[in-house]
Every structure is written in structure tokens, then in C-alpha cells.
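Colleague: The following block contains the structure, expressed as C-alpha cells.
The values are calculated or read from the model by the stated rules, or taken from the named source; none is laboratory data. Worth saying up front: this structure is predicted, and the values here are computed from it rather than measured. Cβ: placed from backbone, ideal geometry, glycine included. Neighbour counts: every protein chain shown. When the accessible area is computed, the model is the full protein with side chains, heavy atoms only, and any ligands, DNA or RNA have been set aside. Shrake-Rupley method; radii C 1.70, N 1.55, O 1.52, S 1.80 Å.
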Amino acid sequence: MDAIKAIRNRRSIRKYKSKVVTREQLEVVLQAGRWAPSASNKQPWHFIVVRDAEQRSMMADAHPYGRFMRDSPVVLVVLGDPNRHPRYYLADPHNAVENMLLAAYAEGLSTCWMGVRDTEIEPKFHELLDIPEDLRVICCVSLGYGDEERTSTRLPLEEIVSWGKYGNKTEG
């Protein structure tokens, strides 16, 4: 799939069919995360694949904006590891997540990214998934076959781009 097409067409989906996501599809998505760029190539991430319905249900109960995790066949939990990179362990995992979102879309799957880090949800996920205290729960991603069409818009470039200095609306 064309990368620009995937970037422009992928959207967050919060309703899923009960269709199974194959191990092969998951490995494509996880490999995409593994190949993300990271500072000094330290790769300060770890991924937990959650398929179990009871676990997903408990995660859905813990996350006020992720109730739909109960119905998505898979949830990926993305961790940051300060032991691998003490400065960029909070940032680099987001590169992996974006790669995984795009790879899932290319595989015909739908996703929704949900923040966890620095919220009251993070300690709950530590407990539910037996995550060591020295690791941070960055986010989670629901994954499956979407059962809704989503549309969203983006701000025009003129509103979000400056040239040379902040506020310059023209180049030169």
C-alpha cells in the first residue's frame, strides 16, 4: 500500500467486528513497530498483546475513553523502558505506535490509539498486566476489523505551518 494513502486514510475506529485477527497479521503490525526509528537506536519499547476477553474487559473498565477495548479482538499495550534510554523512553515508543497504526491499516485492520501515560489509568494497567514498576505504560491500541466508517478532517496547513520563524505564513 502507498504510504501517503495509508497516512491520509487511516482513522481511529471504536467499533469492531468479532472477526479474529490472525497471528500473521499481528506479526506484521509488531514488526512495523520494531522497525520504528529511535534515538541512538536504543528501541526503548515493549509491546504486550492482549487477546483475552476478560483482560480486555478489565482494561476497558479502567480506561474511561477506551470502553470499546472490550469489543476489539486485540489490544496492544505499549511500554517505555527507561533502562534502554533514560531520555527518550517516553517519546520513541510513539514512533513505534505510528508505524503499527499504519501497518494495521495496510493489513485491512482498524485501530484506535488511547493515551495512558501520566494518568490515573497507568497504575491500573501496571496491576492488571503485571508490568514491572520501572516501565511506563505509554498507551494502548485497540485492533481489529472495524465496524464503522469514520471521517475526520485536519486543519489547513496555513494554520499549522510557519516558515523560518513562528508566525511567518509565507516562505522567503
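Colleague: Is it true that some residue in segment 3-11 is outside any helix (DSSP H, G or I), basic (Lys, Arg) and closer than 22 Å to Asp147 by Cα?
Modeller: Yes, some residue in segment 3-11 is outside any helix (DSSP H, G or I), basic (Lys, Arg) and closer than 22 Å to Asp147 by Cα.
Colleague: Could you count how many residues in segment 116-165 are open to solvent by 80 Å² or more (accessible area, probe 1.4 Å), of a type in the set (D, E, K, R) and without any contact (Cβ under 8 Å) to a residue 24 or more places away in the chain?
Modeller: 10
Colleague: Here is a follow-up. Failed condition for Val49, given (1) among the hydrophobic types (A, V, I, L, M, F, W, C); (2) surrounded by fewer than 17 Cβ atoms within 10 Å (Cβ to Cβ); (3) at pLDDT 95 or above; (4) over 14 Å from the mean Cα position of the chain (by Cα), with all others met?
Modeller: Only one criterion is unmet by Val49, namely (4).
Colleague: Let me ask something additional. Just for segment 1-19: of the residues that are in contact with a helix residue (DSSP H, G or I) (Cβ under 6 Å, 6 or more places away or on another chain) and open to solvent by 100 Å² or more (accessible area, probe 1.4 Å), which one is nearest to Ala32 (Cα to Cα)?
Modeller: This residue is Met1.
Colleague: Among the listed residues Asn95, Asn83, Asn99, identify the single one that is touching a Gly at 6+ places or on another chain (Cβ under 7 Å) and outside any strand (DSSP E or B).
Modeller: Just one listed residue meets the conditions, Asn99.
Colleague: Among the residues of segment 52-68, write down those that are part of a helix (DSSP H, G or I), open to solvent by less than 30 Å² (accessible area, probe 1.4 Å) and closer than 22 Å to Pro132 by Cβ.
Modeller: Passing the criteria: Arg56, Met59, Ala62.
Colleague: Could you check segment 74-83 and list, in sequence order, the residues that are surrounded by 19 or more Cβ atoms within 10 Å (Cβ to Cβ) and not small (Gly, Ala, Ser)?
Modeller: Val74, Val75, Leu76, Val77, Val78, Leu79, Asp81
Colleague: In segment 28-51, which residue that is in contact (Cβ under 8 Å) with a residue 40 or more places away in the chain and assigned to a loop (DSSP other than H, G, I, E, B) is farthest from Leu109 (Cα to Cα)?
Modeller: Lys42
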